[in-house]
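Step one of this worksheet: look at the structure below.
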Amino acid sequence: MTKNAIEIRDLTKTYASQGAGAEKHALKGVDLDVKAGSIFGLLGPNGAGKSTMINIMAGLVRKTSGKVNIWGFDQDENPRQSRAAIGVMPQELNIDPFFSPRNALEVQAGLYGVPKAQRQSDEILRLVGLEDKAHAYARTLSGGMRRRLLLAKALVHSPQVLVLDEPTAGVDIELRQMLWENVRMLNREHGTTIILTTHYLEEAEEMCDEIAIIQNGAKIAQDSTSNLLGGLDAKTMVIMPEEAPSALPDLEGITACQRDNGAIALSYHTRQTSAEDVLGAVRAAGIRIRDVKTEQADLEDVFLELTRGA
Ligand code: ADP
Ligand code: MG
């Protein structure tokens, strides 16, 4: 039997009302198991409750009710061990401007009670590519470097579970690659369980073994990535015509519409309609193709598909 790195039962969080506003039920009784050694994706639109859930796991936000178990330690019964088993790279770039990266790591290691002899600040700085900046003022670091420092801080106590909250939102391609390489390496070589939140479906598809989708404070789906996303067959082919078409392609199973830039978007389901059928309908409409690309389903489409049957 595989051990669970995280077990959450009936987790709720209600934020107190602010001023005249109503209370906010950010989590409404969520159960979640994450297998040890997996790369797990927590997906959902903005405001779904992802950060709330992660910050509760990390002991940064107090839950309203429910059970949280991290690496076999119940958060209420063994708060210290439960906290020691998890490291979080937060969504916000909050960094103390007066510490150099090296000092920031030493302070963080001190907070987690890592003895001096066991600290690995220099190795961690090298891992995230900040060794040249070890003694720079944090306020001189670029946004990408700050994010790398946040990842480094999450690693100082060698947690069994590493949580990354929207690690690639607004990040350039180079940093994204570096982050994913680091994450894969930690998972492969140290067996670190990885949990990441994202609202990029492709990222989750590429990185994660298993995915849970939360929406409006409730979990609406959880499955292996292939089961969850493999069943989604909505696709859109986008055609740039040589000249403005006199009519749009017309074929059962295809929904055609013209976009503002003149492109023709053709949505279809790959189990019913092949790409060849779509191209055939385009030619039959007398349209000459200058350029063509396909677009994958996005998170919105996934929600529609998942909630369609319900
Ligand atoms: P996500 O990370 O999925 O975007 P969050 O967990 O940040 O979602 O937020 C879930 C809901 O809880 C949102 O409606 C948000 O406005 C609300 N919320 C988050 N933090 C607070 C807070 N400190 N006080 C009041 N409401 C909050
Ligand atoms: Mg968030």
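The values are calculated or read from the model by the stated rules, or taken from the named source; none is laboratory data. Model, not experiment: these values are computed from the prediction. FYI the Cβ positions are ideal-geometry reconstructions off the backbone, even for glycines, and counts take in every protein chain you see. With ligands, DNA and RNA removed, areas are computed over all heavy atoms of the protein, side chains included. Shrake-Rupley method; radii C 1.70, N 1.55, O 1.52, S 1.80 Å.
Over the chain, Cα pairs under 8 Å with separation of 6+ residues give a relative contact order of 19 percent. At a probe radius of 1.4 angstrom, the accessible area of the chain per residue rounds to 52 square angstrom.
With only Cα atoms counted, the chain has Rg and Dmax values of 23.1, 75 Å. Legend: distances between Cα atoms for Lys13/Lys219; Lys63/Lys219; Lys24/Lys63; Lys67/Lys153; pairs beyond 20 Å are Lys67/Lys153.
Of Glu300, Glu189, Glu106, which is the most mobile in a GNM of the chain whose springs link Cα atoms less than 10 angstrom apart? The residue that fluctuates most here is Glu189. Among Pro115, Pro159, Pro79, the largest mean-square fluctuation in a Gaussian network model of the chain, built with springs joining Cα atoms closer than 10 Å, belongs to Pro115.
Among His25, His269, the sequence by solvent-accessible area, most first, with a 1.4 Å probe is His25, His269.
Average the reciprocal distances over every distinct pair of alpha-carbons in the range 46-109, invert the result, and give the Kirkwood radius in Å. Don't skip to the end; give the middle numbers.
On the way: mean 1/r = 0.0745 Å⁻¹.
By the Kirkwood definition, the hydrodynamic radius is 13.4 Å.
Taking θ as phi - 60° and the Karplus parameters 6.51, -1.76 and 1.60, the scalar couplings of the range 248-255 work out to 8, x, 10, 8, 4, x, 10, 10 Hz in sequence order, x denoting glycine and proline.
Nonpolar atom fraction for the chain, defined as the carbon and sulfur part of the 1.4 Å probe accessible area, stands at 47 percent. When the alpha-carbon atoms of the range 102-237 are used, the pair Rg, Dmax equals 17.1, 58 angstrom. Dividing the summed -39500 (n - 2.57) terms of all DSSP H runs of n ≥ 4 by the residue count of the chain sets its mean residue ellipticity at 222 nm at -9000 deg cm²/dmol.
The largest accessible area among Trp180, Trp71 belongs to the first residue in Trp71, Trp180, and the rest follow in falling order (1.4 Å probe, all chains).
For the range 134-206, what percent of Cα pairs sit more than 14 Å apart?
I get 63 percent for the Cα pairs in the range 134-206 exceeding 14 Å.
Across the range 159-244, the fraction of Cα-Cα pairs farther apart than 16 Å, rounded to a whole number, is 63%.
Look at where the Cα atoms of the range 165-241 and of the range 76-93 average out, and the two centres are 22 Å apart. Label separation (His190 vs Ala265): 4.2 nm, computed from points 7 Å beyond Cα along the C-beta direction.
Quick one: plug the Kirkwood hydrodynamic radius of the range 196-255 (C-alpha pairs) into Stokes-Einstein at 4 °C, 1.567 mPa s, and report D in µm²/s. Write down the numbers at each step before the final one.
Details: Rh = 14.7 Å.
It diffuses with D of about 88 µm²/s by this estimate.
In the range 18-69, the convex hull through the Cα atoms has an average projected area of 4.7 nm², a quarter of its surface area. Structural size metrics of the range 152-310, computed from C-alpha coordinates, are Rg and Dmax of 20.1, 65 Å.
What number, in nm² with one decimal, is the all-direction average of the projected area of the convex hull of the alpha-carbon atoms of the range 233-310? It would help to have the intermediate numbers written out before the result.
Working: hull surface 21.5 nm².
Result: 5.4 nm².
Each label was represented as a point 7 Å from its Cα along the Cα-to-Cβ direction; for Arg290 and Glu242 these points are 1.2 nm apart. On the basis of the beta-carbon distance and an R0 of 41 Å, Arg283 and Asp209 show a calculated FRET efficiency of 0.50.
Percent of alpha carbon pairs in the range 1-128 separated by more than 25 Å?
Working: 3067 of 8128 pairs.
Value for the range 1-128: 38 percent of Cα pairs lie more than 25 Å apart.
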